[in-house]
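The next block holds one structure in the form of structure tokens; read it before the comments.
The values are calculated or read from the model by the stated rules, or taken from the named source; none is laboratory data. Every value quoted in this text rests on a predicted model; they were computed, and no experiment measured them. Please note: Cβ atoms are built from the backbone with ideal geometry, for glycine as well, and neighbour counts cover all protein chains shown. With ligands, DNA and RNA removed, areas are computed over all heavy atoms of the protein, side chains included. Shrake-Rupley method; radii C 1.70, N 1.55, O 1.52, S 1.80 Å.
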There are 2 protein chains.
Amino acid sequence: MKLTHQNSTLIVDNQTVTFNHRLLLQQTDESPIVFLGHGEETVTMYRGNFDIDDQVDTRLALTIINAYQVADKLALEFGFQDVHYLTLELTIDDQGRLVMIPQQVAAHWNRIWLRLAATADEKVYGAGEQMSHFNLRGRHFPLWTSEPGIGRNKHTLTTFKADADHAGGDYYTTNYPEPTFVSTHKYYCHTTSYAYADFDFRHPDFHELQHWQVPTSWTFETAETYVGLIEQLTSLLGRQAPLPDWTNQGLVAGLQGGTPRIETLKRRFQDHHVALAGIWAQDWEGIRMTSFGKRLFWNWQFDDNLYPELPAQVKQWRQEGLRFLGYINPYVAVDSPMFAQTNPDYFAKNKRGEVYEVDFGEFNCGVVDFTNPYAFKWFKSVIKTNLIDAGFAGWMADFGEYLPTDVVLADGSDPMVMHNQWPMLWAKCNYDAIHEAGKEAEIVTFMRAGATGSQRYNPLLWAGDQSVNWSLDDGIASTIPAALSAGMTGNGLTHSDIGGYTSMYGNLRTKELFMRWGEMAAFTPFMRSHEGNRPAENFQVYDSGEALDHLAKFTHVFQRLTPYRQAVIKEVVAHGTPAQRPLFMHYEDDPESYSIQYEYLFGRDLLVAPVYQAEKLKWSVYLPDDDWVNLWTDESFRGGHHEVDAPLGQIPVFYRKQSSYTDLFKTLKQA
Amino acid sequence: MKLTHQNSTLIVDNQTVTFNHRLLLQQTDESPIVFLGHGEETVTMYRGNFDIDDQVDTRLALTIINAYQVADKLALEFGFQDVHYLTLELTIDDQGRLVMIPQQVAAHWNRIWLRLAATADEKVYGAGEQMSHFNLRGRHFPLWTSEPGIGRNKHTLTTFKADADHAGGDYYTTNYPEPTFVSTHKYYCHTTSYAYADFDFRHPDFHELQHWQVPTSWTFETAETYVGLIEQLTSLLGRQAPLPDWTNQGLVAGLQGGTPRIETLKRRFQDHHVALAGIWAQDWEGIRMTSFGKRLFWNWQFDDNLYPELPAQVKQWRQEGLRFLGYINPYVAVDSPMFAQTNPDYFAKNKRGEVYEVDFGEFNCGVVDFTNPYAFKWFKSVIKTNLIDAGFAGWMADFGEYLPTDVVLADGSDPMVMHNQWPMLWAKCNYDAIHEAGKEAEIVTFMRAGATGSQRYNPLLWAGDQSVNWSLDDGIASTIPAALSAGMTGNGLTHSDIGGYTSMYGNLRTKELFMRWGEMAAFTPFMRSHEGNRPAENFQVYDSGEALDHLAKFTHVFQRLTPYRQAVIKEVVAHGTPAQRPLFMHYEDDPESYSIQYEYLFGRDLLVAPVYQAEKLKWSVYLPDDDWVNLWTDESFRGGHHEVDAPLGQIPVFYRKQSSYTDLFKTLKQA
């Protein structure tokens, strides 16, 4: 049977489904296409870290028992022992996408496994923001938004120690999982479902997509190039808005401690000619002390002690050319004035009908129930009144991963399904507030949590809470595969905390780490520093003239790059092409480029190979086949492996000789 | 339907199976009785440590579709969607046992799960030798013979470090797993199958027994007492033989390094009046050095350099009243003379037909293929000629856990099934050699690995390679639940290396640890010391006058206990009642006694509460309701919690005032 529509061709026979020459489904004697099952999960959450266990009582390997065509639909009927259990309806939509819709499934079945045909040499990318492995092949990836964990590698002592506090994480734990991936067979696959999923890319002959809900559909689209594929994917999922122009001014400095302290530190930055775009004060709403470190007081009104008359002060900074950015998350501390003043129905409930209190580590919070339209509207108004009207030019929209699975939600929906959707709802709450205020060109928010829809509602990702060290899975290096995989999932704008965040189990930030992170950030869409969770014990840039001078240099590089970066961001906005791109995106004939996850192309013309190890004077880089020029030495290179000088202040960056921005690039080393 | 035979009554209706008033099977809407499935396992072995993964493609929850009676058999037909998949045939055998036989199952199905009805307060014990948890409830236990691992607790630094070498283990890893358990509902359940199994005791309403093969049968028997239950279980599985009389003489000293060194050390023991029963020299066949420590040269002939004219020397020691014990295991080093001289067909093969070489850490070995009757006979003759004929009074019959799952065996059997059976075959090889030589009253062998049948073929267990430390899961304490669970599986005679064995990752044996271990060993069936894997770095008793004096004292306690111990061992031999018994075995009305796993009754009349922590002068003991007398102080106690003095040399031991051995017990403190 054959279906053609909008230049797409679908061919179905009794054993295979082929779409635009890609073999997508194949039933063999050893491997069926679909399994249907029933399971009962056990989920325990400890401060955003989850233990998830599944007991599958039944799993049926279904085989094709019938195939037929009705008008513009092909249908595959699947059965077990000749009893019909599921129909897969295949259509081509008006964009030429293949949409597979599972139908006629009895309500009892709550587990489904779809096997996609694979080849041994195939690679896959995406699945949201993946911080340990860019190419997902050879591993399975549970998709469940959570704390990423500290260390994120069971073989490290940091994770071992953190696991004693249920907080160690693993290679797949992420704030932003998404059931979407891109295959080197040049197709994308997106599942329309927020339920728990586990994508298993370990088998040479198939990918097995597990969902804890029969999904609405699986959507596939093919393209001739990866750029084209991401354009199509973001046409489906949505695209990010451009960043406000003021972000080009330089660094958003993460400072805190109240107006006087910020004033003092600001002058230190200025004395060293650090180009400042704004000040980001996450503690605008006050602080509390916990064993983890200084934590914020989750009561979304400005703290009159730390920031007296904050709106007036914001105006004052604005007159100096500095934006003010704040912080908010979708939880309200139960010991806060805001909680006391709020309708309890605006928070998710426990089974007894009381406000569900989530443990955030020495304090408890209510969870704003976004399924209650009144609660959504109320929290939007909090954002409008207390942040937007106070003149904030942006904020960290933190968290979103902590929806417990035993809450009772206002609209009666299943928290096992809503859990992964929550970050999208939280992004939308911010988005709606800003758009209703007409401030989209002025304000930038940044989130670490994500879900399908983040592409549309969240203008900027940040890579979450890295450890302040050189570890591959949780340190500076991890932000690179994070950016690349987020980009392959349609999120082209991301950045990370300069200097990292988490100082625990003996990890302390060094000056060198901060400086390496800063020079990398100049080649990302947005520059923002963070003092970390334990500011006093860790290195701070404002305490070192050398580091301030180095940071100043790279804020000037960032400023000078503005025309190029704006063009790059324009591509993100118009086509979804990520700002930070894997090498294979533009060099797809280069087999080596597919396994590089610690270098990236920043736009079409810059190749960035950040130094992510300590005490390096030289650095090995891989360049795909092209004419490249070292940004700092003007030396020319062809493709291949090269060792280059890479002292502090000289992050390995190369530009294409053919670029139309070569004149600009040449000036960067004078910044 | 009802069946009665040999005082047993079986009642079956459409939802339940009740045997002698025990509800064994119960089908509810939520929980079926049987699941049938098909899976494909991945098994990797690294030096006896296994990674086992299962991909279950199909799992069917079966429900009862028919029940009928034919003569003396009841049958339950199970189906999925009304299609028949399996029949469970239920009969009562001539011993009054319930035998459940799964029948009419298509060959395709290689996974089966049987759910037994449970109650929340029920406890279960056994499953072979379990070293971390005596009561198995609340956890699942994969049953697969392997190295137990170093540390055996994922929360300890030792295990973390060992896991980097794939050698950390977990709470369930054991040399001796067995699909047999005893429930506090006063029944035992034994599965006739050696295939991989996983017994899941986590659910309040059922136990789920998973087998990777449709087993021959499940057997159940009930009794009024635990003593009666174990008598019945060992009537099914077999019982151990009595230990040779000479074992009552005192310590079997683990010494090595060749005849002259042993002579020197022997004199040191004798100078301090240590009562010696024998010398155990594991290196009689020579040594090799590896990074793990001194390892033995697996070439089962005496080493003429270390032990010139060994048989004559053995005779000489015998004239002095000392037995000589050796060492053997079912592998032969590929670089040994014995390997070169042996028919390659006596070893398991790889898929290319070559001898399969197993990596034992810096050296490789062939695996004697016990499924080849000629190989079995050959290895038996090696034992007869090189050990028995040389006058050995016993040996450690080491290993048995390393059968790789990808070997090709002579009789064509599946290594996935033979793997767990291997220790029984290895035990039988030793047993047959000794019995054919008519030396059963003279020779004792001891094994760490086990399987169904070990009860009959292995006269004495030893608890394997503990770490030389105080850790609960892998140190001195772990030998107590090991003995108790082995006992509940029908192995009533066991002991452990005095001082422990494994010194790795910074663990070093202290004098105190050795002394605590020694005083405990006096209240077990057999006393044997070990120098450990790294003798030079670790404490050795012969280097300390204080420790030798302490050891001497406890060898004299052991000697004096002989009449009592012989009576205890007689009960093991006649009824299977283990020498080391859980408190509840004789105090079943005492609810607290069911959760005590670090004390034991040694026979009916002694309660032993070993000190398993460092630097203790006092120790908390629990005594069940009875009249007890402190062995060292003559102080009387009733049941309950008591703190008693427990300096070195005063292991907390109590005897029953009603015992007929009180006169003997009173003399022990003068030993």
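A few remarks follow.
- Per residue, the solvent-accessible area of region A:2-237 (1.4 Å probe, heavy atoms of protein chains only, all protein chains present) comes to 36 Å².
- Inter-chain shielding of B:244-250 (mean C-beta neighbours from other protein chains, 10 Å cut-off): 0
- To the nearest 10, the accessible area of B:ARG267 is 120 Å² with a 1.4 Å probe.
- Ordering B:GLN313, A:ALA536, A:ASN248 by the projection of their Cα atoms onto the charge dipole of the protein assembly as shown, which places +1 on the Cβ of Lys and Arg and -1 on the Cβ of Asp and Glu, puts A:ALA536 at the extreme positive end.
- Heavy-atom accessible area order for A:THR405, A:THR219, largest first, 1.4 Å probe: A:THR405, A:THR219
- Mean per-residue shielding of peptide A:50-58 is 3, counting Cβ atoms of other chains within 10 Å of each Cβ.
- Shielding by partners, peptide A:59-72 (average Cβ within 10 angstrom, other chains): 2
- Taking every alpha-carbon pair in region B:2-237 and binning the separations at 10 Å intervals from zero gives 7, 30, 35, 19, 7, 1, 0 percent.
- For chain B, alpha-carbon Rg over 2.2 N^0.38 Å: 0.95
- The residue list A:ILE279, A:VAL572, A:PHE141 was ranked by how far each Cα lies along the charge dipole of the protein assembly as shown toward its positive end, using unit charges on Cβ atoms, and A:ILE279 comes out on top.
- Calculated [222 nm] ellipticity per residue, helices only, for chain A: -6500 deg cm²/dmol; basis is -39500 (n - 2.57) per DSSP H run with n ≥ 4, divided by all residues, nearest 500.
- Under Karplus coefficients 6.51, -1.76 and 1.60, residue-wise ³J(HN,Hα) of region B:288-304 in Hz, glycine/proline x: 9, 9, 9, 5, 6, x, 5, 10, 7, 8, 7, 8, 7, 10, 5, 8, 6
- GluC sites (Glu not before Pro) restricted to DSSP loop in region A:572-636 with at most 13 other C-beta within 10 Å: A:GLU615, A:GLU635
- Carbon plus sulfur fraction of accessible area for the protein assembly as shown, probe 1.4 Å, in percent: 48 percent
- Gain in span if fully extended, B:GLN670 to B:GLN104, counting 0.36 nm per residue against the direct Cα distance: 197.2 nm
- Placing +1 on each Lys and Arg Cβ and -1 on each Asp and Glu Cβ, with no other charges, gives chain B a dipole about its Cα centre of roughly 1500 debye.
- Taking 7 Å steps out from each Cα toward its Cβ at B:GLU122 and A:LYS315 produces label points 7.5 nm apart.
- Amide H contacts of B:VAL252 (H built 1.01 Å from N, in plane; Pro and chain starts excluded): B:ALA277, B:GLY278, B:MET527, B:ARG528, B:SER529 sit under 5 Å, all sequence-distant by 5 or more or on other chains.
- Taking amide H atoms as placed 1.01 Å from N in the peptide plane, the amide H of A:GLU41 lies under 5 Å from those of A:GLN55, each 5 or more residues away in sequence or on another chain.
- Largest accessible area first, the residues B:LYS349, B:LYS428 order themselves as B:LYS428, B:LYS349 under a 1.4 Å probe with ligands, DNA and RNA left out.
- Karplus-derived HN-Hα couplings along region B:639-650 (A = 6.51, B = -1.76, C = 1.60, θ = phi - 60°), whole Hz, x at Gly and Pro: x, x, 8, 9, 9, 10, 5, 8, x, 3, x, 10
- Relative to the other identical copies, B:LEU617 shows label-point distances of 6.1 nm, where the label point lies 7 Å from Cα along the Cβ direction and values run shortest first.
- Converting phi to 3J(HN,Hα) with the Karplus coefficients 6.51, -1.76 and 1.60 and the offset θ = phi - 60°, region A:17-25 yields 10, 10, 10, 6, 6, 9, 6, 9, 10 Hz in sequence order, with x at every glycine or proline.
- Size of charge dipole - region A:583-670 - debye, nearest 20, with Cβ of Lys, Arg +1 and Asp, Glu -1, no other charges: 340 debye
- Residue among B:VAL629, B:ALA477, B:TRP619 farthest towards the positive dipole end of chain B, charges placed on Cβ: B:VAL629
- For A:ILE65, the residues whose modelled amide H falls within less than 5 Å of its own, excluding neighbours fewer than 5 places apart on the same chain, are A:GLU77, A:PHE78, A:GLY79.
- Global form of region A:519-581, assessed from the alpha-carbon gyration tensor, a/c cut-off 1.5: oblate
- Surface accessible to a 1.4 Å probe, A:MET289 within the full protein complex, Å²: 130 Å²
- Peptides B:224-233, B:335-344, ordered by how many other C-beta atoms sit within 10 Å of their residues on average, highest first, read B:224-233, B:335-344.
- Shortest-first nm distances, A:PRO260 label point to equivalent points in other copies (7 Å, Cα→Cβ): 8.4
- In terms of Cα atoms, the Rg and Dmax of the protein assembly as shown work out to 35.6, 105 Å.
- For region A:26-82, the set of GluC sites (Glu not before Pro) satisfying both a DSSP loop assignment and a count of at most 11 other C-beta atoms within 10 Å is given as A:GLU30.
- If you sort B:ILE150, B:ILE287 by accessible surface, 1.4 Å probe, largest first, the order is B:ILE287, B:ILE150.
- For B:LYS186, the aspartates and glutamates whose Cα comes closer than 12 Å to its Cα, not counting residues fewer than 8 places off in the same chain, are B:GLU122, B:GLU221, B:GLU224, B:GLU588.
- Solvent-accessible surface (1.4 angstrom probe) belonging to A:HIS530, in square angstrom, nearest 10: 10 Å²
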